[in-house]
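The values are calculated or read from the model by the stated rules, or taken from the named source; none is laboratory data. Just so we're clear, the structure is a prediction, and the values are computed from it rather than from any experiment. Cβ atoms come from the backbone with ideal geometry, glycine included; neighbour counts cover every protein chain shown. All accessible areas refer to the heavy atoms of the entire protein, side chains included, with ligands and DNA or RNA removed. Shrake-Rupley method; radii C 1.70, N 1.55, O 1.52, S 1.80 Å.
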Amino acid sequence: MSYEEDNELLGIIANLTALAGKNIYDNRIIFINTPVPVKNLHNIVDLKNQSSTIRILCNSTNYIQYDFRERQIALTSVTIQVGNNEIESPDHWAIFGSNNFQDWNVLIEINNDKRLKHQFAIQNYKCSESSYYRYIMFLQNHNFSNRKGNQNVINLSSIEFFGQLQEPSSQ
């Protein structure tokens, strides 16, 4: 699935959702992990409702980890849509890929992109390499907040992945 400018949120997550006909997190098609429990975590893959957000409050480096289970993806780009609080928009963040949940490769690293510092801003970022990975992690080092206690808050509406999706081989 290639990124198209008019279809920022029509990538791998949207494709898996269309094939499943339901929320892919709620129905365990993919797993999503965060450092603390998040009540409305399913919103991050609800790409049709762009005003829904997730807010993750954590006192250390904050992240969202995607486990594509028996699938793997080779990313070419990622679209980030921030939530409803521009101060909590990601300032220094990265996308990582892994196949063993221990060794993580940097695919994208962004620092101080002010285009994200607006409510519901949306931007696409190209990846530096495109190997296949089972696990993809959005890791946020800090947001645009000047308040020390708020700098690790993640406030996002959507993350969409573009590239090749490798389905499990049938046996």
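Can you pull the three principal axis extents for the Cα set of the range 19-171, in Å, largest first?
53, 31, 25
Amide H neighbours of Gln119 under 5 Å, at least 5 residues apart or on other chains, H built in the peptide plane: list them.
Answer set, sorted by chain and number: Glu86.
What are the ³J(HN,Hα) couplings of the range 80-87, residue after residue, when phi is run through the Karplus curve with 6.51, -1.76, 1.60 and θ = phi - 60°? Round to Hz, x for glycine and proline.
Residue by residue, the range 80-87 yields 10, 10, 7, x, 8, 10, 4, 5 Hz.
Over the heavy atoms of Leu41, what accessible area does a 1.4 Å probe trace out, to the nearest 10 Å²?
That residue has around 10 Å² of solvent-accessible surface.
Considering only protein heavy atoms and a 1.4 Å probe, what is the carbon-and-sulfur percentage of the accessible area of the chain?
42
How charged is the neighbourhood of Thr53? Take every other residue with its Cβ under 15 Å from the Cβ of Thr53, and add Lys/Arg as +1 and Asp/Glu as -1.
Its environment carries a net charge of -1.
Calculate for the chain the 222 nm mean residue ellipticity that helices alone would give, adding -39,500 (n - 2.57) per DSSP H run of length 4 or more and normalising by residue count, nearest 500 deg cm²/dmol.
-1500 deg cm²/dmol
So if I take the centroid of the Cα atoms in the range 128-152 and the same for the range 22-52, what is the distance between those two points in Å?
Cα centres, the range 128-152 to the range 22-52: 17 Å.
Just to be sure I follow the definition: excluding the sites themselves, where is the longest run in the chain that has none of the trypsin sites (Lys or Arg not before Pro) in a DSSP loop with at most 14 other Cβ atoms within 10 Å?
With a cap of 14 other Cβ atoms within 10 Å, the longest stretch comes to 70-146.
Using a 1.4 angstrom probe and counting only protein chains, how large is the accessible area of Trp104 in Å², to 10?
We get 60 Å² for Trp104.
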